[in-house]
Amino acid sequence: MSQNERCPLAIVILNYRTPGMVIDCLHTLVGQMAPQERVVVVDNLSGDDSVERITKALSDNDWGSWAELVEAGGNNGFSAGNNVGILAIDAETYFLLNSDTLVRPQALDGLREAIAKHPEISLFSPRLEWPDGKPQHSVFRDPSPWSEFDHAAATGPVSRILRRWAVAPPLVDHPVPFAWASFAAIVIRREVFEKIGLMDEGYFLYFEDIDFCRRARLAGFDSLYWPQSHVVHLRGGSGPVKDSQAKRKRLPKYYWASRSRILAKSYGRGGLLLANLMWMMGRSISWCRELVRHKRPHLCESEGRDIWHKFSKPVEPEESWQGQFPPRV
């Protein structure tokens, strides 16, 4: 591929101290890459031996013809790292992958089929699954004050009443549109970046996928869940949040800052206040249940305090990513 030629598909893999996972992910792409397609691995200033190990793997396995490593120069978060990768290569379509993913055989063929078959669709989400093949939730509804109430209450009757607002809808095995999808694996056409810009770097980690999909939807772009393509998502490869949630431990401040940001950008400062108040109402229900039944709290430590993190200035700066994606030339 010549230097000025635009590649049809570019895969961006973001690494932060997970070189082994990145190499495993690259192994699953061997034999699936079509001519002129490229992979960009972005190292988010891991500060370990990631750069050396990934560089060696590219050389030892002769992957240099279709994969390259780019160093971000700093760790400014998930959005910023992916933006580095997106800007590093000129492509018609971008496939963003977490380092903790494994691309199943024929998955790229399925995504190419979707891209060709549905020119009206601009974002595609493959099926995420566990190593044993069981599906994970990968497409969702937007969070709202009602979903915050449901999350805090965690009570069967409440969840049944509020099921239309549940963030995670029932799993399906056929293509459906979605409000937002996990950016552990997401396909995005170039036209989306050209119109709405890159990912919002005001999010360090978490909720940036909700934000980007919301901006794309408001700009008129359509999305589609494509379960014919399977991607294994090991989860939690480069951050402690999933493990902390499972153990009910206190979550890092950046998680709560991102939560405040997405709710304020979606519903305004009043909507963030309403969401927090609804959370407190829901928590009063679950607290009474726990008191009566002597149950362990289902929420993380200090969650009632942490939902107020960044409440006074939830969106500052207003838009941290001011630049636009380079236009077509």
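The values are calculated or read from the model by the stated rules, or taken from the named source; none is laboratory data. Fair warning: this is a prediction, and the values are worked out from it, not measured in the lab. Using ideal geometry, Cβ is built from the backbone for each residue, glycine included, and neighbour counts are taken over all protein chains shown. When the accessible area is computed, the model is the full protein with side chains, heavy atoms only, and any ligands, DNA or RNA have been set aside. Shrake-Rupley method; radii C 1.70, N 1.55, O 1.52, S 1.80 Å.
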Restricting attention to the stretch 98-120, which residues are closer than 13 Å to Asp24 by Cβ and either of a type in the set (S, T, N, Q) or out of contact with any helix residue (DSSP H, G or I) (no Cβ under 8 Å at 6 or more places or on another chain) (or both)? Asn98, Ser99, Thr101
Selection within the stretch 185-219 - open to solvent by less than 20 Å² (accessible area, probe 1.4 Å) and of a type in the set (Lys, Arg): Arg190
If we ask which residues in the stretch 255-289 are more than 14 Å from Ser147 (Cα to Cα) and touching a His at 6+ places or on another chain (Cβ under 8 Å), their number turns out to be 4
Enumerate the pairs (first residue in the stretch 83-95 and touching a residue at least 24 places away in the same chain (Cβ under 8 Å); second residue anywhere and acidic (Asp, Glu)) with beta-carbon separation below 7 Å, excluding pairs fewer than 6 apart on the same chain, so at least 6 apart or on different chains. Asn83/Glu201
Ser223 passes all but one of the listed conditions (1) of a type in the set (Ser, Thr, Tyr); (2) in contact (Cβ under 8 Å) with a residue 24 or more places away in the chain; (3) part of a loop (DSSP other than H, G, I, E, B); the exception is number (3)
The correct count of residues that are open to solvent by less than 40 Å² (accessible area, probe 1.4 Å), part of a loop (DSSP other than H, G, I, E, B) and within 22 Å of Arg214 (Cα to Cα) in the stretch 143-175 is 5
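With open to solvent by less than 10 Å² (accessible area, probe 1.4 Å) and of a type outside the set (Val, Ile, Thr) as the only criterion, which of Gly73, Gly31, Gly64, Gly77 stands out? Step through it out loud before you land on a result.
Details: Gly73 fails: open to solvent by less than 10 Å² (accessible area, probe 1.4 Å); Gly31 fails: open to solvent by less than 10 Å² (accessible area, probe 1.4 Å); Gly64 fails: open to solvent by less than 10 Å² (accessible area, probe 1.4 Å).
Among Gly73, Gly31, Gly64, Gly77, only Gly77 is open to solvent by less than 10 Å² (accessible area, probe 1.4 Å) and of a type outside the set (Val, Ile, Thr).
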Meets criteria (under 21 Å from Ala179 (Cβ atoms), modelled with pLDDT of 95 or more and either among the hydroxyl-bearing types (Ser, Thr, Tyr) or touching a Phe, Trp or Tyr at 6+ places or on another chain (Cβ under 7 Å) (or both)) for Pro135: no
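Filter the stretch 239-285 down to the residues that are charged (D, E, K, R) and open to solvent by less than 60 Å² (accessible area, probe 1.4 Å) and list them by number.
Our first condition is that a residue be charged (D, E, K, R); within the stretch 239-285, this holds for 242-243, 247-250, 253, 259, 261, 265, 269, 283.
Those that are charged (D, E, K, R) and open to solvent by less than 60 Å² (accessible area, probe 1.4 Å): Arg259, Arg261, Lys265, Arg283.
Is at least one residue of the stretch 176-191 in a helix (DSSP H, G or I), over 30 Å from Arg289 (Cβ atoms) and in contact with a strand residue (DSSP E or B) (Cβ under 8 Å, 6 or more places away or on another chain)? Let's see the steps before the verdict.
Our first condition is that a residue be in a helix (DSSP H, G or I); within the stretch 176-191, this holds for 190-191.
From what is left, the residues that are over 30 Å from Arg289 (Cβ atoms) are 190-191.
From the residues that got through so far, the ones that are in contact with a strand residue (DSSP E or B) (Cβ under 8 Å, 6 or more places away or on another chain) too are 190-191.
Within the stretch 176-191, one or more residues are in a helix (DSSP H, G or I), over 30 Å from Arg289 (Cβ atoms) and in contact with a strand residue (DSSP E or B) (Cβ under 8 Å, 6 or more places away or on another chain).
Results for (1) in a strand (DSSP E or B); (2) touching a residue at least 40 places away in the same chain (Cβ under 8 Å), shown as yes or no for each residue.
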residue: Pro105; (1), (2): no, yes
residue: Gly110; (1), (2): no, yes
residue: Ala116; (1), (2): no, no
residue: Pro126; (1), (2): yes, yes
Residues of the stretch 240-268 being outside any loop (DSSP other than H, G, I, E, B), farther than 16 Å from Leu205 by Cβ and at pLDDT below 95, which ones? Ala246
